[in-house]
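Peer 1: Provided herewith is a single structure, encoded as structure tokens, for subsequent inquiry.
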Amino acid sequence: MTQQFKPDPVLSAEIDTKFVKQEYEDNYVPLKKQVYIKKETGADAMAGDGGYEETYLADAIRFKMKRDKKRFWAGDNISDYVSEEDKAKLIDEATEAFETVLDRLLIDRENDPNSHGTARRLAKMYFNEIMAGRYEPAPDATAFPNDSQDRYEGMLVVRSELRSMCSHHHQPVSGVAYIGIIAAEKLIGLSKYTRIAQWCARRGTLQEELCNDIAREISKATGSRNVGVYIQATHGCCENRGIMAHSSLTQTTVLTGAFKDDPSVKKEFMDNIKLQQEFAPR
Ligand SMILES: [Zn+2]
């Protein structure tokens, strides 16, 4: 005997497409917040009269940078505006903001033990690690004179391992920079090339811009107008999402002075990179 089909009362009920506002008890209790109120002094007091409220230290710093027309893009260094003491407060403020992000992502940061301290870990990681190059002043690169009779006049190529992050997706960029210079009147310690490159890289960057930034900063530190920078890197935003390309490599080259104008210098640089890659592939 076949059973009589009984329509499901819920599924077959006529759907009321009108949303009815319902009153309900909200059990959500926001976590404790810490807010820093900055006391206005001197020139900063001018912020006070335009209806501008200084609630967060980050807002006060942003106000100052805007007032000074100081660019503060993800790849810019803003160490002149952020003191070491400020950093602790900024990390507290970013922690609070990351807590909100986790809440909006519907992650139970109160009960999930793995998500418990995540907001603070993220805030500290951004300020002290992956974006440290924005908040720290340029590495101290003591220069040694290279102006005696037997001065070094050749090419110098240094391989620097890089870790960066793309501004668009905040995904990791990892690769190697080959930095070449023709020695000028001064020389810097070999490790300084990498320190400078990493200081440029530890920000939100575009590889194209990073290549330019490293060339400019190396030129500044060494006084050489003949600089070549070649970067090869893989990008998390192409590997972990989007096109999911697992072995794609992005190559960028910036050449200045003789590196650009003299084909034999350019060739020597490129040949040296190949020799470096035989020594240390990737
Ligand atoms: Zn990206």
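Peer 1: Can you pull out every residue in segment 37-94 that is at positive phi and either in a loop (DSSP other than H, G, I, E, B) or modelled with pLDDT of 95 or more (or both)?
Peer 2: To start, the set of residues in segment 37-94 that are at positive phi comprises 42, 51, 69.
Gly51, Lys69 - these are the residues of segment 37-94 that are at positive phi and either in a loop (DSSP other than H, G, I, E, B) or modelled with pLDDT of 95 or more (or both).
Peer 1: Run down Ala280, Ala215, Ala233 and say which single residue is surrounded by fewer than 21 Cβ atoms within 10 Å (Cβ to Cβ) and among the hydrophobic types (A, V, I, L, M, F, W, C).
Peer 2: Ala280
Peer 1: Picking from Ile179, Ile130, which residue would you name as being crowded, with 21+ Cβ neighbours inside 10 Å and of a type in the set (A, V, I, L, M)?
Peer 2: Values: Ile130 fails: crowded, with 21+ Cβ neighbours inside 10 Å.
On inspection, the qualifying residue turns out to be Ile179.
Peer 1: Could you go through segment 153-165 and let me know if any residue there is small (Gly, Ala, Ser) and closer than 26 Å to Ala74 by Cα.
Peer 2: Looking for residues that are small (Gly, Ala, Ser) and closer than 26 Å to Ala74 by Cα, one finds at least one in segment 153-165, hence yes.
Peer 1: Can you report the number of residues in segment 221-258 which are at pLDDT below 95 and among the basic types (Lys, Arg)?
Peer 2: Counting residues in segment 221-258 that are at pLDDT below 95 and among the basic types (Lys, Arg) gives 1.
The values are calculated or read from the model by the stated rules, or taken from the named source; none is laboratory data. Since we're looking at a predicted model, the values are computed, not measured. Positions of Cβ are backbone-derived with ideal geometry, glycine not excepted, and every protein chain shown enters the neighbour counts.
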